[in-house]
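Have a look at the structure below, then the notes.
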Amino acid sequence: YFIANPEKLGDALDSMQAHYQAQEKQRLAQTMEESADALYRTASDFTLGRADAPITIVEFFDYNCPYCRQAGKTVQNLIESDPNVRIIFREWPVLGEGSLFAARAALASRAQGKYEDFHWALMNGEGRATEASILKVARDLGLDIVKLLADMESPAVEVHLERSNGLARSLGFTGTPAFIVGDQTVPGMISLEKIEKLIADVRAAE
């Protein structure tokens, strides 16, 4: 049929692509609905912005990802410019042992009330985050290193990392950074203009 009607091949391929895209959109919507508590209502996750903000964004990141560091500036600018947005931070270390150590240390710093300072110190740092550089940041921030190292092995830290990995995989993310804005998954680097457009789309749909 396609040999006799080659012009129909493009139409068939377009129809198949549209079908698979619709299926994937439906699968993601179902996944986000089933994972809503883990994504949005986990008390141990660190958030920035008003707790009752009408727009919530989830960010998956790795402290050694250069694109995450660029996206971090986008997140900082967004929080400063839009008081009606809440950001949920989800450590997802995918770039080796240094990234895993950084994620554990950042999560453990919450027990000493230093997560936000620790997060931005790592995110705005220069060079690769290593055990030595991460512990230097911790000392500079006045953290109790012995306690930090102990808390890095806590069940809460382990649960967070396991949950991040499970959520990221189920949502189809293959690397960092990755965002959820409304019902949209946004893999890769994102500009302030793009994320503001996505937020505007969410508000328009309400």
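The values are calculated or read from the model by the stated rules, or taken from the named source; none is laboratory data. Because the structure is a prediction, the values reported are computed rather than measured. All Cβ positions, glycine included, derive from the backbone under ideal geometry; neighbour counts span all protein chains shown. Just so you know, the surface numbers come from the protein's heavy atoms only, side chains and all, with ligands and any DNA or RNA stripped out. Shrake-Rupley method; radii C 1.70, N 1.55, O 1.52, S 1.80 Å.
Residues of region 49-186: accessible area per residue at 1.4 Å, in Å²?
Here the residues of region 49-186 average 43 Å² of exposed surface.
Kindly provide the GluC sites (Glu not before Pro) of region 32-129 that DSSP labels as loop, not H, G, I, E or B, and whose Cβ sees at most 15 other Cβ atoms within 10 Å.
Glu126
Across the Cα atoms of region 37-95, what radius of gyration and what greatest pairwise Cα-Cα distance (Dmax) are found, in Å?
Every Cα atom of region 37-95 included, Rg and Dmax give 11.7, 33 Å.
Between beta-carbons, use under 12 Å as the cut-off and find the net charge around Asn77, counting Lys and Arg +1, Asp and Glu -1.
Result for the neighbourhood of Asn77: -3.
For Lys136, list the aspartates and glutamates whose Cα falls under 14 Å from its own Cα; do not include residues on the same chain fewer than 8 positions away.
Qualifying aspartates and glutamates at Cα under 14 Å: Asp117, Glu126, Asp144.
Can you tell me the 0 to 90 degree angle between the C-alpha axis of helix 7-34 and the longest principal axis of the chain, rounded to 10?
Between helix and principal axis, roughly 40 degrees.
Counting only residues 5 or more places away or on other chains, whose amide H sits under 5 Å from the amide H of Cys65 once H atoms are built in the peptide plane?
Close amide H contacts, sequence-distant or interchain: none at all.
Past the 31 Å Cα-Cα mark, which pairs from Lys25/Lys194; Lys25/Lys197; Lys147/Lys197; Lys25/Lys73; Lys8/Lys194?
Pairs exceeding 31 Å: Lys147/Lys197; Lys8/Lys194.
What residues qualify as long-range amide H neighbours of Phe46, i.e. H under 5 Å apart, gap of 5 or more or another chain, H built at 1.01 Å from N?
Phe89
Filter the trypsin sites (Lys or Arg not before Pro) in region 92-169 down to the DSSP loop ones having no more than 16 other Cβ atoms within 10 Å, then list what survives.
Listed in order of number, the matching sites are Arg128.
On a 0 to 90° scale, report how tilted helix 66-81 is relative to the longest principal axis of the chain, with both axes built from alpha carbons and the result rounded to the nearest 10.
Helix 66-81 and the main axis of the chain meet at about 80 degrees.
Got a number for carbon plus sulfur as a percent of region 98-206's accessible area, 1.4 Å probe?
Answer for region 98-206 is 53 percent, counting heavy atoms of protein chains only.
How large is the convex hull of the Cα atoms of the chain per residue, expressed in Å³ as a whole number?
Residue-normalised Cα hull volume stands at 153 Å³.
Residues in region 150-172, backbone N under 13 Å from the label point at Gln112 (7 Å along the Cα-to-beta-carbon vector): list them, ranges by number please.
Zone members listed by number: 150-152.
Describe numerically, in nm with one decimal, the distance between label points set 7 Å from Cα along Cα→Cβ at Asn165 and at Thr31.
1.7 nm
In nm, what is the difference between 0.36 nm times the number of residues separating Glu131 and Glu206 and their Cα-Cα distance?
22.5 nm is the gain from fully extending Glu131 to Glu206.
Does region 81-171 come out rounded, prolate or oblate by the C-alpha gyration tensor, with a ≥ b ≥ c the root eigenvalues, rounded set by a/c under 1.5 and, if not, prolate when a/b is larger than b/c and oblate if not?
In terms of gyration-tensor shape, rounded.
When each pair of different Cα atoms in region 151-206 is counted once in the 1/r mean, what is the Kirkwood radius in angstroms, to one decimal?
Over region 151-206, the inverse of the mean reciprocal pair distance is 13.1 Å.
Using Cα atoms only, what is the angle between the long axis of helix 155-170 and the major principal axis of the chain, expressed in degrees (0 to 90) to the nearest 10?
Approximately 20 degrees, to the nearest ten.
Taking the simple approach of a point 7 Å from Cα along Cα-to-Cβ for both Lys197 and Thr42, what is their distance in nm?
3.0 nm
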